[in-house]
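What follows is a short report on a single structure.
The values are calculated or read from the model by the stated rules, or taken from the named source; none is laboratory data. Because the structure is a prediction, the values reported are computed rather than measured. Here Cβ is always computed from backbone atoms with ideal geometry, including for glycine, and neighbour counts include all displayed protein chains.
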Amino acid sequence: MKEFKEIAEWIEARGAVHEIPRVESLPQPGFRMDGADHVSFSTNNYLGLSSHPRMIAAARTGLERYGVGNCESRLLGGDLDIYDQLEQKLAAMKGKDTALLFATGYLTNLGVLSSLVKAGQFARIYGYRARNRHSYAFFTDEYNHVSIREGIRLSGADRLTYRHLDLDHLDSLLAGSSATSKVIVTDGVFSQDGDIAPLPDLLAVAERHDAMVYVDDAHGTGVLGASGGGITEHFGLHDERLICMGTLSKAYGAIGGFVATDRHIGELLRLTCSAYGFTSTLPPDQVYAVSEAIDIVADEPARRQRLWDNQRYFVAAMRDLPYRLVSTTTPIVPVLIGDEARTDHLSALLREAGLHVDSVKFPAVARNQGRLRVILNAGHTRAQIDRLVGVFRDNQDRFLAAA
Ligand SMILES: Cc1ncc(COP(=O)(O)O)c(C=O)c1O
């Protein structure tokens, strides 16, 4: 017991405990915090759907028809017809044969990546003997989300980490691997840097090494592509090597995760993935809400248009200032500050001005790579964005990132 107290006190003494703001309402993007009104430049509710009247009405219908929760797991009596309907809708959106729903996006990565390698093991229970021995290896971008790292760790398979977006490095790791099944794993949009994985190039590398590509489209689904279909639509890709993962908790404004795959992988995952079959999944109101969200994204393209207009407006204004923007291709536009203390200081000044921007620091990013991770939203007004840029402008001499 003693070591927990000792470690907790040691960490606290070094100021490593991040202060987490407690909020009194959800960002739309305006919200209440510490008894005052603030504007969030950090919410993943990109399109403002979490409070959309159609979403609330749909959730209410689900609640009234089915009750508050599903007290069974999918494999033991809890396999509601509405799960199947939503899975078909998600699969169609991603251009895949089938999809599987999970309680959260985090659980999707944990469950799918850890059980992809277990198909043969499962079949052996029934007497299957592979002609050649299978061995698996994951090739993972160093900046991938923590749930990816954890999922791969749980799989017990080899993990080879390539430098961020460095396809030559990836290529050499693939060439040096003797695994019979190779899976490249990447975020679609990287959550701390906001850049987009070059999926067509990754698929070309995968083709050369007969690998699969697993893409986590948490921040792309509903946001990227002509109709919000995500990273595959953005690049116009349909490829049997692709496994597409997404969350329902960001642009879709609800909660849950999914993976869209070809028929065989989907069938095997339904058998082998305990995070899919052996836990209670989405409550019915969330299933109704997500299904409605997919329709709203299609029916109301003006929301995505506003999101991208706001993104361009902010990037253009920031380009007149001497800050370094980590990337400028998605609604996540991190402003590099560098030193952790200065990052926190500027974040506090923004908060005093009623603007909430996440201060992202080590260990979420490398040391001295502190940044204010601005996330644009369809609901931001030009006046709100001007206020944010104004605080950056007023403080530029004090907080400029070291080059
Ligand atoms: C890239 C990425 N993958 C997965 C997740 C987990 O999603 P969820 O919050 O739905 O569990 C996140 C959440 O921040 C994310 O940014």
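Values for this structure:
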quantity: Asp339 at pLDDT below 95 and either out of contact with any Ser or Thr (no Cβ under 6 Å at 6 or more places or on another chain) or not assigned by TED's automatic domain parsing to the domain that holds Thr221 (or both); calculated: yes
quantity: Only listed residue being aromatic (Phe, Trp, Tyr) and within 16 Å of the ligand (Cβ to nearest atom), chosen from Tyr46, Tyr83; calculated: Tyr46
quantity: Index of the failed condition, Phe278 passing every other in (1) farther than 20 Å from Thr186 by Cα; (2) touching a Cys at 6+ places or on another chain (Cβ under 6 Å); calculated: (2)
quantity: Listing of helices (runs of 4 or more DSSP H) fully contained in the range 30-146 that carry 1 or more residues being without any contact (Cβ under 8 Å) to a residue 24 or more places away in the chain; calculated: 53-66, 81-94, 119-124
quantity: Where Asp217 falls short, out of the listed (1) surrounded by 18 or more Cβ atoms within 10 Å (Cβ to Cβ); (2) more than 16 Å from the ligand (Cβ to nearest atom); (3) not hydrophobic (A, V, I, L, M, F, W, C); calculated: (2)
quantity: Residue within the range 236-254 that is buried (at least 21 other Cβ atoms within 10 Å of the Cβ), aliphatic (A, V, I, L, M) and part of a helix (DSSP H, G or I) present; calculated: no
quantity: Qualifying residue in the range 127-139 (condition: hydroxyl-bearing (Ser, Thr, Tyr), surrounded by 13 or more Cβ atoms within 10 Å (Cβ to Cβ), modelled with pLDDT of 95 or more and within 16 Å of the ligand (Cβ to nearest atom)); calculated: no
